[in-house]
1. Let me know the charge dipole size of the range 144-226 about its Cα centre in debye, to the nearest 20, where only the beta-carbon of Lys, Arg (+1) and Asp, Glu (-1) is charged.
2. For the chain, which DSSP H helices look membrane-span-like by this rule: Cα extent along the axis of 20 Å or more and mean Kyte-Doolittle of at least -1.0?
3. Cα to Cα, under 18 Å, and not fewer than 8 places away if on the same chain: which aspartates and glutamates meet these conditions relative to K258?
4. From the square roots a ≥ b ≥ c of the eigenvalues of the alpha-carbon gyration tensor of the range 194-261, which class results: rounded (a/c under 1.5), prolate (a/b over b/c), or oblate?
5. Once Lys and Arg get +1 and Asp and Glu get -1 on their Cβ, which of F275, A255, A312 lies farthest toward the positive end of the dipole of the range 244-312?
6. In terms of Cα to Cα distance under 23 Å, which lysines are near enough to K138, apart from those fewer than 8 places away along the same chain?
7. Calculate how many DSSP beta bridges within the chain are antiparallel, expressed in % of all such bridges and rounded to the nearest 5.
8. Where a ≥ b ≥ c are the square roots of the eigenvalues of the C-alpha gyration tensor, would you call the range 1-68 rounded, which needs a/c under 1.5, or, failing that, prolate if a/b is larger than b/c, or oblate?
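Any read-out appearing in this document is the output of simple, stated calculations on the displayed coordinates, not a laboratory observation. Note that the coordinates shown come from a computational prediction; the quantities given were computed from them, not determined experimentally. Heads up, the Cβs are rebuilt from the backbone with ideal geometry, glycines too, and the neighbour counts pull from every protein chain shown.
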Amino acid sequence: MAKSKVLVVGGTGYIGRRIVKASLEQGYPTYVLQRPEIGLDVDKVQILLSFKKQGARLVEGSFSDIQSLIEVVKQVDVVICTMSGVHFRSHNILLQLKLVEAIKAAGNVKRFLPSEFGMDPARMEHALEPGRVTFDEKMIVRRAIEEANIPHTYVSANCFAGYFVGNLCQMDRLTPPKDKVNIYGDGNVKAAFMDEDDVGTYTIKTIDDPRTLNKTVFLRPPENILSQRQLVENWEKLSGKKLQKVTIPQEDFLASMKGLDYPSQVGVGHFFHIFYEGCLTNFEIGEGAEEASRLYPEVRYTRMEEFLKLYA
Ligand code: GFR
């Protein structure tokens, strides 16, 4: 069977570029959407050109021209969208409704992976304001996909290591703190962490796999289920230096939301659900879902101990 042709929408972004890389590495004919809105963003243009050099095909289309999207979608079998839903970058989750419309009109797409790659929004009905907007919007997109009967896979990638591990889960930085580390509650709640390249690898593994059709695939490999304290201990071993631990009680953490700008309030809500409530690990992966490392035991996923070495 010939390999599916894969289109990545959002291919220059933080996760999209790992997915393009994985698609090329795994030998898929890879198409990357090139939007005129890229304008003078020279970094994005150069990323696109480097993909082209590696064998990807750049295809032009705009979200303000549905016909152009339909023409692009008609050329491929699989569509993966990685449009950002992180508020301090950009948040365009609902723009995907246009893409859903185009996929529906084109009628040829065998699998659509919308922009998810975080917590499972179906499990976040109770989420706090204002952060819940992320999940509410992802659910609106899911509903549109399912109403249009589009074959799909939802990838729940949990915590990207670059945002959560390098900084030992601190919200004001992306590198390890030097002296003091804020610990959320007792610090023993388990979360799940993923190297971003592994997110790309597993995502591409799912696209031609009948076992993942119309399912949620959780990227939650057993050795990457860790508490914040385990991450901190890991770093202390690597750096040879003990950090001062400052316990943040739940009430204080939630109160800290007041007065912050909107993107930070969204972030506090998400961190609350992850590190106090344990929303990434307080359930079994059951009916209608799969876990990636069980499906693809051949993938040697990055352990966080190894990931943290980059920062030493
Ligand atoms: C883990 O799942 C998710 C994470 C998700 O489903 C949706 C969004 C996220 C966000 C996090 C919280 O908003 O992705 C990155 C992270 C963004 C963030 C990091 C926000 C505020 C911060 O101060 C921050 O510090 C590193």
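1. Working: 8 positive and 12 negative charges, 47 e Å.
I would put it at about 220 debye.
2. Numbers: long enough: 132-147 (22 Å, -0.51).
Sorted by number, the helices that extend far enough and score high enough are 132-147.
3. Answer for K258, where 18 Å is the Cα cut-off: E129, D172, listed by chain and number.
4. Numbers: a/c = 3.19, a/b = 1.64, b/c = 1.95.
The shape class here is oblate.
5. A312
6. Once the sequence-local lysines are set aside, what remains near K138 is K98, K104, K110, K205, K215.
7. Details: 5 of 34 bridges.
Roughly 15 percent of the DSSP beta bridges within the chain come out antiparallel.
8. Values: a/c = 2.14, a/b = 1.34, b/c = 1.59.
Oblate.
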